[in-house]
Amino acid sequence: MLTDSELEKLRKAGKIAAQAVQLGMDMVDDNVKLYDVAEEVEGYIRSHGAKPAFPCNLSINEVAAHYTPTPKDKLRFEIGDVVKVDAGAHIDGFVGDTAGTVEVRTKNFTHLIESAKKARDTVMEFIGDGVQLKDIGRAVDSSIRSDGYRPIANLSGHQIVAYTLHAGLSIPNYDDGNTETVKKGMVIAVEPFATNGGGEIRPGKASNIYRIARERQIEDPDLKLFFEDLKEEVSTFPFCERWLDDPKASQKINKLMRHGLVSGYSQCIEVKGGCVTQWEHTVYIEGRRAEITTLL
């Protein structure tokens with residue numbers, strides 16, 4: 001169980017994350033640069049007493065997850081884009097992770113957007129101490145399929161512990177037969193993805209999102225200092241080049257990747273090119289019912 005102080009940090013981080021994602025969704029519009037939205041979302045988190053728990057994900061159409069703009073990114077939203085805004089905030093390692101989907105000036109995918117949201121909210125009604133993972137997955141799957149779509153089977157929610165975004169349990173979006181249960185004191189992120197495609201994702205191009213993979217001695221003094229500063233800045237959380245105040249950050253990240261000290265994430269692409277929508281809440285398992293920490 002979390003202490004009162006830890007729970008307060010979790011709640012504050014969750015509210016900040018929710019407000020930041022809403023800001024991002026409100027900013028998404030035709031001809032708006034992805035870079036500007038990501039910077040505003042993360043700037044909001046920092047200015048309200050938290051730190052980003054991972055780079056703001058702005059994933060469009062068939063990209064289900066894991067895209068963030070680079071410092072020189074010129075990509076802009078276009079009319080008809082379906083945009084997932086996924087962001088997290090942490091205070092001393094206690095994380096609020098949340099996401100929502102918005103369509104740019106059209107209403108072609110309103111039902112698909114609402115399907116993922118309805119599935120998330122269905123789980124919010126019953127998740128609590130002792131609930132089996134397979135029952136969460138079954139609820140998501142049944143809800144989305146009743147709307148005529150498919151859940152993304154190989155993307156899942158996750159347990160969160162202090163300074164570890166993906167820890168312990170994976171929270172399925174279909175009935176995977178797992179009889180493990182969520183337990184009192186856990187922090188859980190529930191994030192259904194709905195699609196009109198095949199219901200799976202494949203790895204795509206680089207996402208511009210990285211994580212520290214391991215540590216070892218570095219001979220190059222300049223690269224060693226960069227790595228030490230990086231660890232101080234991001235701890236165990238994913239990061240991106242935009243966060244690093246170094247004109248040679250891209251080259252240094254590539255060097256660290258060649259040394260096996262940093263690894264990169266790939267974009268998650270729907271296998272049949274289907275449109276993907278996503279909604280997410282973080283909850284604290286208090287007892288038979290969970291507290292949603294990522295409400296506005």
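Rule-based calculations on the coordinates, nothing more; no lab input. These numbers were taken from a predicted model, which means no experiment stands behind them. Note: ideal-geometry Cβ built from the backbone for every residue, glycine included; neighbour counts use all protein chains shown.
Whole Å is fine, so just give me how far the alpha carbon centre of the stretch 235-280 lies from that of the stretch 151-223.
Centre-to-centre (Cα) distance: 14 Å.
Find out how many positive minus negative residues lie around N61, taking Lys and Arg as positive, Asp and Glu as negative, among other residues whose Cβ is under 13 Å from that of N61.
Working: positive: K84, K272; negative: E62, E78, D81, E103, E270.
Summing Lys/Arg as +1 and Asp/Glu as -1 gives -3.
Is it possible to state the helix-based mean residue ellipticity at 222 nm for the chain, with each DSSP H run of 4+ residues giving -39500 (n - 2.57), the sum divided by total residues, to the nearest 500 deg cm²/dmol? What is it?
After summing the helix terms and dividing by residue count, I get -10000 deg cm²/dmol.
Take the cross-link list K84/K248; K84/K107; K205/K272; K224/K255 and give me the ones stretching past 18 Å between alpha-carbons.
Details: K84/K248 30 Å; K84/K107 15 Å; K205/K272 16 Å; K224/K255 11 Å.
Over 18 Å Cα-Cα: K84/K248.
If R₀ is 51 angstrom, what is the calculated FRET efficiency for the pair D220 and L296, using the beta carbon separation as r and rounding to 0.05?
It comes out at approximately 0.65.
Using a/c under 1.5 as the rounded threshold, could you call the stretch 92-183 rounded, prolate or oblate? The axes a ≥ b ≥ c are square roots of the C-alpha gyration tensor eigenvalues, and prolate needs a/b larger than b/c, oblate otherwise.
It comes out oblate by the Cα gyration axes.
Please state the shape class of the stretch 220-296: rounded when a/c is under 1.5, otherwise prolate if a/b exceeds b/c and oblate if not, all from the C-alpha gyration tensor. Numbers along the way, then the final one.
Details: a/c = 3.02, a/b = 1.65, b/c = 1.83.
Oblate, since a/c reaches 1.5 and b/c is not below a/b.
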